[in-house]
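Input: a single structure, listed below in structure tokens.
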Amino acid sequence: MISMIQWLRKVPLFDGMTDEQLERVLQIATKRTLSAGTVLFREKEPGDRFYVILHGSIKIYNRSSSGEEKVLTALADGESFGELALLDGRPRSATAQTLERTMLLEISSDSFMGLLREHFDMVRCILKELSRRQRATNEHVNDLTFLDDRTRILKNLILLANKHGRREGSSIIFRVSLNYEELSRMAGVSISALRESLLELEIKGILLIRDQEYRLQLDKLRA
């Protein structure tokens, strides 16, 4: 059975940390289990803690002034969120909500900052992960500007498959608790464009959808 130290090594935020540093992370963390639909924090609230997903999934989203929801990303096992508000002292930039029953590690701001003071070299690991996210954000903006609807939808499906999926031969099977409205907003397209593209992918045998389970055929995708 994999130990928590071994598991934390797979978390990008903690990449490169020593066993001693990871032990300290576990000492200051609190384990929480939340039901589906639980809001952990809301946009513009002050940030006083961050989270690491042990099992489950989280959606990160904004709301427009008219109340329209824009899903920014869906996070899965091993991913962390909420660190930015701790580091820059500004309010939360988005809302975080569980998509299913989810188990988390919760780390408070005071404990986290104390850990960074003890092990300043951990800052490098954190900056590396935040830089990766900034590049992903820049790429997303570029996609919205230059890619057509079908390509954006397919790219988002591949990203979700990489995060949530398991490989079976030439297929990746993944289950996502996002509905069509949330998926369309994540890709920056209309629901009708999403439905049309998904139907086209199914007709071509690239994608099979059953309820919220998706099977992406990699061999046909490359053809």
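What FRET efficiency would be calculated for the residue pair residue 191, residue 84, taking the C-beta separation as r and a Förster radius of 25 Å, to the nearest 0.05? It comes to 0.25.
Counting only residues at least eight positions apart within a chain, or on another chain, the lysines with an alpha carbon under 18 Å from that of residue 128 are 10. Counting Lys and Arg as +1 and Asp and Glu as -1 over every other residue whose Cβ lies under 14 Å from the Cβ of residue 32, the net charge comes to +2.
What net charge is computed for the residues neighbouring residue 53, neighbours being all others with C-beta under 10 Å from the C-beta of residue 53, Lys and Arg scored +1, Asp and Glu -1?
Around residue 53, the charge tally is -2.
One chain, two ends: residue 101 and residue 168. Fully extended at 0.36 nm per residue, the span grows by 21.6 nm beyond their Cα-Cα distance. Note on the chain: helix-only mean residue ellipticity at 222 nm, from DSSP H runs of 4+ residues weighted -39500 (n - 2.57) and normalised by residue number, equals -13500 deg cm²/dmol. Peptide packing: for 148-160, 19-31, the average count of neighbouring Cβ atoms within 10 Å per residue gives the ranking 148-160, 19-31, highest mean first.
Only lysines eight or more places from residue 220 in sequence, or on another chain, were considered; those with a Cα closer than 17 Å are 155, 204. By the scheme Lys and Arg +1, Asp and Glu -1, what is the net charge of all other residues having a beta-carbon under 15 Å from that of residue 101? My count for the surroundings of residue 101 gives +2. Dipole magnitude for the chain: about 260 debye, using +1 per Lys or Arg Cβ and -1 per Asp or Glu Cβ, origin at the Cα centre. Approximating the spin labels as points 7 Å out from Cα along Cα→Cβ, the residue 121-to-residue 48 distance works out to 3.3 nm.
Comparing 17, 29, 82 along the charge dipole axis of region 4-144, the residue lying farthest to the positive side is 82, per the Cβ-charge model.
Here r is the Cβ-Cβ distance between residue 4 and residue 159 and R0 is 30 Å; the resulting FRET efficiency, rounded to 0.05, is 0.65. Straight-distance candidates among the aspartates and glutamates for linking to residue 70, with alpha-carbon spacing under 18 Å and chain neighbours fewer than 8 residues away dropped: 43, 45, 139, 143, 149, 181, 182. Select from 192, 205, 169 the residue farthest towards the positive end of the dipole of region 149-222; place +1 on Cβ of Lys and Arg, -1 on Cβ of Asp and Glu, and compute about the Cα centre. Selected residue: 169.
Every number in this text was worked out from the coordinates using simple rules, so none of it is lab data. Bear in mind the structure is a predicted one, so any value in this text is a computation, not a measurement. As a convention, Cβ positions derive from the backbone with ideal geometry for all residues, glycine included, and neighbour counts pool all protein chains shown.
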